[in-house]
Amino acid sequence: MTRMHHFLIDIVLLFIVMGPGLAGAAPQETVRIANAGSLTGVVRALAWDREGPYTAKAMNISKDIQIVRKITLDAKDIAVPEACLKRDDCRKAITLVIPRGMAGVECLKTEDVMGARHCTEVVLSEKSTFRIRAKLVDTHPWKYNFIPVVEFIEASTHACEPGELQCPGDKTCWKSFNGYCRYCLGIPVEKCACRNEKGALPDETVCTFFISGDMACMGRCRGGLCESADARCR
């Protein structure tokens, strides 16, 4: 496939992913939740993404959720996904991730996962609004290859911070262009490695992309692609 073909495919992907967002995405329907059981039901209905530094696809995120009365959510009450139960290398316990400073979502109890503090119990204030995402995070070569995580994400109406990039399709905010490129635009990692918010990086720029949780490929940009001399990266 020629570089021109790659370029044309990228343009098509961009329009597919961005869709109505080019003219301003329509407001999302808000789901109102009154108890923890209803919220765990929303989690059960989500598709569990696999997430790693090699992931390049749009995320599965819930609709905006508004809490109508104060509730407490315990990670133990969330069912471990079937895909995790079938794997010997997947941690059989849910952990919760909350963005720093998220309004109305307070962590009550924590646990140590991979040397970092993760939540196991949260209190959700009345009228707090957010979205959630369920994902199997690739932690290889840690004790487990995957851990199941329920991530709280700001509501679609939340404004991004200065300097962040907002995805037109799902209104998520990204601090790095690489994350925006992979998760919003769905562009392959070897192409995102050779781009920034201004476009393609110059040829011969040193670049890095991942093909697995513990395999990084180093190379140089050529025609908008990160090309590595390592045969495992081709």
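Could you please find all residues in the stretch 157-201 being on the phi < 0 side of the Ramachandran plot, small (Gly, Ala, Ser) and free of Cβ contacts under 8 Å to residues at least 40 places away in the same chain? Walk me through it before giving the result.
The first filter runs over the stretch 157-201 and keeps only residues on the phi < 0 side of the Ramachandran plot, leaving 157-162, 164-170, 172-185, 187-198, 200-201.
Retained after the next criterion (residues that are small (Gly, Ala, Ser)): 159, 169, 176, 179, 193, 200.
Once the filter is applied, which keeps residues that are on the phi < 0 side of the Ramachandran plot, small (Gly, Ala, Ser) and free of Cβ contacts under 8 Å to residues at least 40 places away in the same chain, the stretch 157-201 yields Ala159, Ser176, Gly179, Ala193, Ala200.
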Of the listed residues (Arg131, Arg87), the one being assigned to a strand (DSSP E or B) and under 25 Å from Tyr54 (Cα atoms) is Arg131
Within the stretch 93-113, of all residues that are in contact with a strand residue (DSSP E or B) (Cβ under 8 Å, 6 or more places away or on another chain) and not in a strand (DSSP E or B), the one surrounded by the fewest Cβ atoms within 10 Å (Cβ to Cβ) is Pro99
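Quick one: would you say Ala79 is surrounded by fewer than 19 Cβ atoms within 10 Å (Cβ to Cβ), assigned by TED's automatic domain parsing to the domain that holds Gly104, in contact with a helix residue (DSSP H, G or I) (Cβ under 7 Å, 6 or more places away or on another chain) and not in a helix (DSSP H, G or I)?
Numbers: surrounded by fewer than 19 Cβ atoms within 10 Å (Cβ to Cβ): yes; assigned by TED's automatic domain parsing to the domain that holds Gly104: yes; in contact with a helix residue (DSSP H, G or I) (Cβ under 7 Å, 6 or more places away or on another chain): yes; not in a helix (DSSP H, G or I): yes.
Against the criterion (surrounded by fewer than 19 Cβ atoms within 10 Å (Cβ to Cβ), assigned by TED's automatic domain parsing to the domain that holds Gly104, in contact with a helix residue (DSSP H, G or I) (Cβ under 7 Å, 6 or more places away or on another chain) and not in a helix (DSSP H, G or I)), Ala79 qualifies.
The values are calculated or read from the model by the stated rules, or taken from the named source; none is laboratory data. Keep in mind it's a predicted model, so treat the numbers as computed, not measured. Counting neighbours? That spans all protein chains shown, and the Cβs are built from the backbone with ideal geometry, glycine included.
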